[in-house]
Amino acid sequence: MNTYGKNFTITIFGESHGKCTGAVIDGVPAGTAICESDFAGALERRRNGDIPGLSQGTTARKEEDLPVILSGVLDGKATGSPIAVIFENKDCRSSDYGQFRDQPRPSHADFAANAKFSGFNDIRGGGQFSGRMTLPLAAAGVLAFKALEQKGFSLSIKSRIKAIQGEVDEKKWNGLIQQAKADGDSLGGEVECRIDGLAAGVGEPFFNSLESAISHLAFSVPGVKGIQFGDFSDSPEGKNKASLMKGSEFNDPIIDSQGHTSTNHSGGINGGLSNGNPVVFTLDIRPAASIAKAQQTFNFKSGKTEKLSIGGRHDACIALRCPVIAESVAAIALADILL
């Protein structure tokens with residue numbers, strides 16, 4: 001379904017080209033200061049990415065993304081009832097998507113969604129499977145941050161683009177994106193998120209582990225195909241994940257009575273519980289499925305495999321807009337655990 005959480009719950013709704021998208025968030029403590037301007041920074045980052053010089057790698061679709069708070073806030077303070085926030089969709093070109101019912105895009109949700117919903121799903125702009133649906137997720141993240149602050153938790157949650165198409169040198173990213181656009185193609189990327197200030201012992205063993213909570217939300221983000229916990233910036237050359245290391249290389253030596261470690265290959269989590277070190281995870285984000293470069297797909301109308309070249313306005317690299325979404329994922333997961 002479209003609802004997550006027990007103590008801090010979010011329900012997202014809408015479609016990419018429907019009248020609006022939005023979220024209903026329950027669990028924000030009464031008295032929390034909230035106004036529309038609180039969302040501005042996060043929504044700007046989601047819209048254009050964190051690196052101004054690379055904004056050409058994001059979609060040409062330009063929405064105002066102005067939040068309208070429908071309920072749960074009175075005189076600038078949360079009332080304790082569910083908070084509903086919506087965003088109008090105005091810059092839509094639905095005609096770009098009509099063909100995908102008969103010719104589903106390779107590696108997009110078109111075919112699978114058609115099978116699940118018997119053809120009744122809204123295919124315009126990808127419907128509920130669009131990256132547009134990260135907008136209400138970003139809004140929920142803003143409220144999760146505010147809820148945590150209201151309850152006295154002082155956490156720093158910061159994300160960054162770690163790599164684009166495997167390249168870690170930021171100076172080369174613009175050229176990679178420009179070449180992909182010229183080729184009618186798209187690129188994947190990695191986004192790293194770091195949580196500082198989380199006390200030891202947060203989480204549960206096994207099914208409600210801290211990794212499980214974060215991963216559950218992370219895999220709800222369109223385009224996320226993998227997640228890795230751990231900071232491997234100081235690992236031996238070429239060994240940037242746990243499976244490539246020996247125990248003597250991976251293990252994090254404890255250096256004081258607070259449990260701080262000299263390395264953080266475990267990503268701040270042991271046994272499903274935070275260990276007092278920064279929680280670090282990296283999202284592996286796939287290239288966008290909608291590309292102009294010709295691909296093979298099955299045409300259900302003609303009954304033949306044919307070439308498909310996708311027009312419209314699409315991201316050359318969806319990872320550019322995901323750092324704020326990674327932060328939202330972390331904040332929402334922690335709000336559900338801690339509140």
Quick one: is GLN296 in contact (Cβ under 8 Å) with a residue 12 or more places away in the chain, closer than 21 Å to ASP196 by Cα and in contact with a Ser or Thr (Cβ under 6 Å, 6 or more places away or on another chain)? no
Members of segment 221-236 that are at pLDDT 95 or above and surrounded by fewer than 16 Cβ atoms within 10 Å (Cβ to Cβ): LYS225, GLY226
Any chance segment 51-58 includes a residue that's under 25 Å from ILE291 (Cα atoms), of a type outside the set (Gly, Ala, Ser) and modelled with pLDDT of 85 or more? yes
Pull up segment 186-214, narrow it to residues that are touching a Ser or Thr at 6+ places or on another chain (Cβ under 8 Å) and in a strand (DSSP E or B), then point me to the one that is nearest to GLY271 (Cα to Cα). GLY203
Output the residues belonging to segment 250-297 that are among the basic types (Lys, Arg) and more than 24 Å from LYS158 (Cβ to Cβ). LYS293
Options GLY175, GLY188, GLY166: the member that is surrounded by fewer than 19 Cβ atoms within 10 Å (Cβ to Cβ), closer than 29 Å to LEU54 by Cα, under 14 Å from the mean Cα position of the chain (by Cα) and not charged (D, E, K, R): GLY188
Exactly one of LYS62, LYS77 is basic (Lys, Arg), at pLDDT below 90 and farther than 25 Å from PHE219 by Cβ, and that one is LYS62
So in segment 31-48, with the set limited to residues that are surrounded by fewer than 20 Cβ atoms within 10 Å (Cβ to Cβ) and within 13 Å of SER71 (Cα to Cα), which one is farthest from the chain's Cα centre (by Cα)? CYS35
Being part of a loop (DSSP other than H, G, I, E, B) and either within 13 Å of ALA138 (Cα to Cα) or at pLDDT below 95 (or both) is the filter here; which residues of segment 1-34 pass it? MET1, ASN2, GLU15, SER16, HIS17, GLY18, LYS19
Of all residues in segment 273-310, count the ones that are under 26 Å from the mean Cα position of the chain (by Cα) and within 30 Å of VAL168 (Cβ to Cβ). 21
Given the conditions (1) over 22 Å from the mean Cα position of the chain (by Cα); (2) surrounded by 19 or more Cβ atoms within 10 Å (Cβ to Cβ), which single one is not true for PRO205? (2)
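The values are calculated or read from the model by the stated rules, or taken from the named source; none is laboratory data. This is a predicted model, so every value here is computed, not measured. Positions of Cβ are backbone-derived with ideal geometry, glycine not excepted, and every protein chain shown enters the neighbour counts.
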